[in-house]
Every structure is written in C-alpha cells, then in structure tokens.
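Report on the following structure.
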C-alpha cells in the first residue's frame with residue numbers, strides 16, 4: 001500500500017475510514033515484527049512475550065522497543081505514556097487464552113509478511 005499521506009485531506013480520510021485504520025495498523029505491526037526479528041531477545045521470546053513487545057513497539061516504534069529490550073530503560077511518547085503501558089495491556093488482554101491462539105496471531109503476522117514479500121517479488125518481476 002502506498003503512503004496514505006499526512007496532509008489535511010489524508011488525515012480526514014484516515015479518521016473516517018476504519019478499514020484503512022485497520023490496514024495501516026496491521027502493516028505497522030508487521031513492519032515492527034520484521035524489524036524486531038533482528039533482535040535476539042525478541043526472536044527467542046515466546047508468542048505471548050513477542051505480542052507484548054509489539055505492544056511496546058506500537059508506542060515507541062521498533063527501534064525504541066529494541067533499545068528497551070537491550071537496556072531495560074522505559075521511554076514515554078509525546079503524551080507521557082510509557083511504552084510498558086502497551087506491553088502490559090497486551091499481555092493482560094491475552095491472559096488466560098490458550099497458547100494456540102498466540103501462535104495463530106503470530107502466524108497471521110508472518111502470513112501477512114510473506115504475502116507482502118510475494119507481492120513485492122511479483123511487482124519486481126513485472127517491472
């Protein structure tokens with residue numbers, strides 16, 4: 001998907017389009033997952049932990065999450081919200097669910113990533 005833009009019209013469209021919001025959120029999450037797969041702690045983490053870390057990355061970005069994993073220093077966003085608020089919220093939301101569901105969630109992230117890679121490969125071959 002191309003960059004939706006950041007001008008007034010693009011922001012208005014984004015706010016009024018839940019499908020677009022979901023699509024961009026999914027893409028952002030897949031991008032964070034892909035970037036974090038280079039981090040040993042993330043890569044070795046179980047599914048629940050990875051999803052919690054992705055919550056942190058939603059607030060601080062993949063780079064911020066990687067730095068947090070390396071240093072343990074918690075950062076805040078521009079509104080003063082700690083990245084760990086998202087980390088713990090995701091883990092609380094998943095508490096009590098079966099391990100199978102976590103694996104399914106990560107499988108979906110990997111599937112989206114694989115589909116994106118296949119799409120890029122096809123586009124390159126057709127260029």
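The values are calculated or read from the model by the stated rules, or taken from the named source; none is laboratory data. Fair warning: this is a prediction, and the values are worked out from it, not measured in the lab. Cβ placement follows ideal geometry from the backbone for every residue including glycine, while neighbour counts extend to all protein chains displayed.
Values for this structure:
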read-out: Test: residue 50 is at pLDDT 85 or above and not in a helix (DSSP H, G or I); value: no
read-out: Which listed residue, of 9, 44, is at pLDDT 95 or above, at negative phi, out of contact with any helix residue (DSSP H, G or I) (no Cβ under 8 Å at 6 or more places or on another chain) and exposed (fewer than 12 other Cβ atoms within 10 Å of the Cβ); value: 44
read-out: Residues (part of a helix (DSSP H, G or I), in contact with a strand residue (DSSP E or B) (Cβ under 9 Å, 6 or more places away or on another chain) and more than 23 Å from residue 110 (Cβ to Cβ)) located in segment 53-84; value: 83
read-out: Filtered residues of segment 37-52 (kept if over 9 Å from the mean Cα position of the chain (by Cα) and under 18 Å from residue 91 (Cα atoms)); value: 41, 42, 43, 44, 45, 46, 47, 48, 49, 50, 52
read-out: Residue check for residue 72: modelled with pLDDT of 95 or more, on the phi > 0 side of the Ramachandran plot and within 14 Å of the chain's Cα centre (by Cα); value: no
read-out: Hits in segment 25-40 (condition: surrounded by 15 or more Cβ atoms within 10 Å (Cβ to Cβ) and in a helix (DSSP H, G or I)); value: 28, 29, 30, 31, 32, 33, 34, 35, 36
